[in-house]
Amino acid sequence: MNRFTSFAVALFVALMAVAPLFLNAYHVDVLNSIGLYGLLALSLNLILGEAGLFNMGHAAFYAMGAYTAAILNTRYQIPILWTLPLSALVAGFFALAVARPVVHLRGDYLLIVTIGVSEIVRIALVNDVFGITGGANGIFGISRPELFGFVIRQPQHFYYLIWGFVAFTIFLFLRLKQSRFGRALNYLREDEVAAEGSGVNTDYYKLAVFGLGAAWAGMAGTLFAAKMTIISPESFSFWESVVLFMIVILGGAGNVAGVLLAAFLVIGLPELFREFSSARMLVFGLVMMVMMLVRPQGLLPAKSRQFSFAELSNKGSFR
Amino acid sequence: MEEFLQQLTNGLAVGGIYALIALGYTMVYGVLKLINFAHGDLFTYGAYLGLTLLTSLALTDRLGFFMGVLVLALMVMGLVAVLGMILERAAYRPLRESPRLSAVVSALGASIFLQNTLMLIYGARFQVYPDNILPVTAFDLFGLQIPVMRVLIVLASVVMMVTLYLFIQKTKIGTAIRAAAIDQGAARLMGIDVNRVILLVFLLGPALGGAAGLMVGLYYGQINFTMGWVYGMKAFTAAILGGIGNIPGAMIGGLLLGVVEAMGAAYLSIAWKDAIAFCVLILILIVRPTGLLGERVADKI
């Protein structure tokens, strides 16, 4: 990281930390939305950006997490934040079960299958499957989250909860990117045959990243349920998946900073231009087409990791 | 039995519509190896253009029902074909050499763009086809009362499919299309202008899709700007079911899916109707990714 980027990051973190003190409730709420979408986009970025698997059913995993949290909270009175790990498990295992038979499919087939899965999930939710999802009305009366006896109620408080989780996620995912696991994913994205030839167990890594990304989306779902206190199937439509897909691609697949920037642009900008809100998706579609022509790698593309000669020889690789 | 036969004919009509859309997917996939995500929206354009022309030109009043609808269908097919050509020029041709993801994203962008253009022009509400122009009489087939519209749709889709099949199999241009689908490089060496073949595919597919859109408008009477992607997904399922890239496969897949869906909705659960097609899609990709007739595999990279 050079001096300019570290300065920019420090400035961003400082601004985000004090932002709620200067903004009104509405603007803080917009930032909360950006945080949630950023979280979801970061989890999708693992699957789509790092491993190059076309997943356009991310809303299904998000829904799994949100509904798990809501059902556990409203039926069994489990505090909402305690359901975080359970939501992650349910969403993660659901993703594993779904991905297992189809993960070997080539790019655009996987895309179609994931769209199909997320539609089936949405239809199941609308049809009140097992009598626990509340049908088209959804589930309401989810209790407010409580942290060490402090009830989180105002947008300002949610802001710190959501963005705190985002910061935690960024830290973890950056570490993950540097790890053996992260390198295997990148290898998979660049050349699957070569990866398999070098002894990377491609099926294992594909499934693992699906599970991990879905688990994170599930936790984002829990936060969403806690913030809204009411959830319904329409929050998890196909278009949510499309918006997330777009955030990752426009921002720069595989780059955390790019994905966050795109989350700000895609979710934040329409709030600034509310009078044109009906043309929002039209502009998005146009931007997607133009971007693929002029800058297919996204706004802030991922840089491949550089190793200096000294660093390598210290580790004993070049003796 | 009566109920069963009604559902069967209904399924065949809907299946004919799926098959017509599926042909567009399968032809483009055959030549370009690209899923044209915007195809479903071209289908919607067919429905909306049909409505606008029907109400503004009053063709059925001037020419009678059958001639009116025929002229209308030809106009819609021509206009949607031009749209398809523009789409290819704007969204796909510049990306022909780019990585796969770029083309997929551009296709999605085009789909969103087309859909929202319709919404801004016509509004987000359902649009209704006028119901006074259609003969409401039923057709008597061995004591079974079948609406005339249903019979017409089955007939029209079968005629179009047979024409397309003969065109692809028997004419020189059709041979060029098949050659380009097998191996673009070799086709080019044989003196085939592959760019023109691609353009032709983007004229034929959308024309059929546009006709299907008009049929949906006439059959169900109401249309919505988002219907393209549900129909598109189902038609794509039909294309995979028959074997993607395989033209007779798309026809059979479409009819089969239409019947399966109609039966499922009638005898299993109407609420899960839309999920049936997606389950079929996932099952076929797991069990037999080549499709029923396909020789091409939904292969690994």
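General observations
- Flag if A:R100 is crowded, with 18+ Cβ neighbours inside 10 Å, part of a helix (DSSP H, G or I), basic (K, R) and within 14 Å of chain B (Cβ to nearest Cβ): no
- Residue tally, condition more than 19 Å from the chain's Cα centre (by Cα) and touching a residue at least 12 places away in the same chain (Cβ under 8 Å), over region B:71-91: 3
- Meets criteria (within 24 Å of A:F173 (Cα to Cα) and part of a helix (DSSP H, G or I)) for A:T74: no
- B:L218 fulfils the conditions (1) touching a residue at least 40 places away in the same chain (Cβ under 8 Å); (2) under 23 Å from A:I115 (Cα atoms) except for a single criterion, (2).
- Region B:261-276, residues that are buried (at least 17 other Cβ atoms within 10 Å of the Cβ) and within 24 Å of A:T114 (Cβ to Cβ): B:E261, B:G264, B:W272, B:D274, B:A275, B:I276
- Residue match in region B:91-111 (condition: away from every other protein chain (no Cβ under 14 Å) and either in a helix (DSSP H, G or I) or of a type in the set (D, E, K, R) (or both)): no
- Filtered residues of region A:123-148 (kept if touching a residue at least 12 places away in the same chain (Cβ under 8 Å) and either crowded, with 22+ Cβ neighbours inside 10 Å or assigned to a loop (DSSP other than H, G, I, E, B) (or both)): A:L125, A:I132, A:T133, A:G134, A:G138, A:I139, A:G141, A:I142, A:S143, A:R144, A:P145
- Residue in region A:268-304 that is farthest from A:R183 (Cα to Cα), counting only those that are small (G, A, S) and at the interface with another protein chain (Cβ under 9 Å from one of its Cβ atoms): A:S278
Every residue, every condition in (1) out of contact with any helix residue (DSSP H, G or I) (no Cβ under 8 Å at 6 or more places or on another chain); (2) surrounded by fewer than 17 Cβ atoms within 10 Å (Cβ to Cβ); (3) more than 10 Å from every other protein chain (Cβ to nearest Cβ); (4) assigned to a helix (DSSP H, G or I), yes or no:
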{"position": "B:L199", "(1), (2), (3), (4)": "no, yes, yes, yes"}
{"position": "B:A212", "(1), (2), (3), (4)": "no, no, yes, yes"}
{"position": "B:G232", "(1), (2), (3), (4)": "no, no, yes, yes"}
{"position": "B:I240", "(1), (2), (3), (4)": "no, no, no, yes"}
{"position": "B:F278", "(1), (2), (3), (4)": "no, no, no, yes"}
{"position": "B:L283", "(1), (2), (3), (4)": "yes, yes, no, yes"}
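- Qualifying helices (runs of 4 or more DSSP H) (wholly inside region A:248-319; at least 3 residues being farther than 21 Å from A:L48 by Cβ and modelled with pLDDT of 80 or more): A:280-294
- Of residues in region B:139-166 being among the aromatic types (F, W, Y) and surrounded by 14 or more Cβ atoms within 10 Å (Cβ to Cβ), the one farthest from B:G245 (Cα to Cα): B:F139
- Single residue of region A:164-208 satisfying the filter (within 30 Å of A:V13 (Cα to Cα) and hydroxyl-bearing (S, T, Y)) that is surrounded by the fewest Cβ atoms within 10 Å (Cβ to Cβ): A:S179
- Of all residues making up region B:242-252, the number that are buried (at least 23 other Cβ atoms within 10 Å of the Cβ) and away from chain A (no Cβ under 14 Å): 6
The values are calculated or read from the model by the stated rules, or taken from the named source; none is laboratory data. Given the structure is predicted, the values throughout are model-derived calculations rather than measurements. Positions of Cβ are generated from backbone atoms using ideal geometry, with glycine treated the same way; all protein chains shown enter the neighbour counts.
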